[in-house]
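One structure, pasted below without further comment.
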Amino acid sequence: GWQWFVVSDLGLTTMSGVDGLHVFVRSLGTAAAKGLPARIVAKMNSLTDPVLIHALILAGQKGAQIDLIVRGACMLPAGLPGKTDNIRVRSIIGRFLEHSRVFFFEAADVQDIYLSSADWMTRNMTRRVELAWPVLALSLRQRIVDECLLPYLHDTRNAWTLESDGQYHRVDKKG
């Protein structure tokens, strides 16, 4: 039923950042601050929502390791010493326009994977009907990690990384 869906104006996020995706990001920051391993891998086309960006920065400052795969606009300044050291941003620019949105959250040994219709943009979080839903079947979760996240994290052919100077630099083909 509907209990598995997270709908934009009903909880995907709010401007105050008290629900939805913010809960995952904040909880991982809390886990990291307690010394537990915490990781976020988020794949989307755009990251421009200031409330989510702030939540990611705080989680990273508390020790969460964050890998963002953002094809287009990304307003989060990655790799700034003392501010966003634990956040890496990469963009994969290839022949095909990529539309999958995958959000992986892990604290200690607990993993949550969500698929979504929404990029992390304010208009998608607050002014459109967007959905996110959990992937519950373990076999499907592993397949999504193997096919939708790992290849993008390890790509050396079409990958660019956002550096602390705000510029994208092509990833060395040697990895």
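The values are calculated or read from the model by the stated rules, or taken from the named source; none is laboratory data. From a predicted model like this one, the values you see are computed outputs, not experimental measurements. Neighbour counts are summed over all protein chains in view; Cβ atoms, including those assigned to glycine, are modelled from backbone coordinates with ideal geometry. Note: accessible area is taken over every heavy atom of the protein model, side chains too, but ligands, DNA and RNA are not part of it. Shrake-Rupley method; radii C 1.70, N 1.55, O 1.52, S 1.80 Å.
What does the accessible area per residue of the stretch 30-72 come to in Å², with a 1.4 Å probe and no ligands, DNA or RNA counted?
On the way: 1510 Å² over 43 residues.
So the stretch 30-72 comes to 35 Å² accessible per residue, rounded to a whole number.
Please state the equivalent ellipsoid semi-axes for the chain: what are the square roots of 5 times the Cα gyration tensor eigenvalues, largest first, in whole Å? Before the final figure, lay out the partial values.
Values: eigenvalues 104, 71, 59 Å².
Whole-Å semi-axes of the equivalent ellipsoid: 23, 19, 17.
Roughly what % of DSSP beta bridges within the chain run antiparallel, to the nearest 5? Show your work: numbers first, answer last.
Details: 24 of 36 bridges.
Here the antiparallel bridges make up roughly 65 percent for the chain.
Considering only protein heavy atoms and a probe of 1.4 Å, how much of the accessible area of the chain is carbon and sulfur, as a whole percent?
Numbers: 5300 of 9210 Å².
Within the chain, the accessible surface is 57 percent carbon and sulfur.
Additional query: Give a quick list of trypsin sites (Lys or Arg not before Pro) in the stretch 119-161 that DSSP marks as loop, anything other than H, G, I, E or B, with at most 12 other Cβ atoms within 10 Å.
Details: sites: Arg123, Arg127, Arg128, Arg141, Arg143, Arg157; in loops: Arg127, Arg128, Arg157.
The qualifying sites are Arg127, Arg157.
Here's something else I'd like to know. What does the convex hull of the Cα atoms come to per residue for the stretch 109-161, in Å³? Intermediate results must be reported in sequence, preceding the final value.
Working: hull volume 6.8 nm³, N = 53.
It is 129 Å³ per residue.
Which distance in Å, rounded to a whole number, links the C-alpha centroids of the stretch 27-82 and the stretch 103-175?
Here the two parts' Cα centres lie 11 Å apart.
Kindly identify the stretch 76-115 as rounded, prolate or oblate by the Cα gyration tensor criterion: order the square roots of the eigenvalues as a ≥ b ≥ c, call it rounded if a/c is under 1.5, otherwise compare a/b with b/c, prolate if a/b is larger, else oblate. Let's see the in-between values first.
Details: a/c = 3.42, a/b = 1.09, b/c = 3.14.
The shape class here is oblate.
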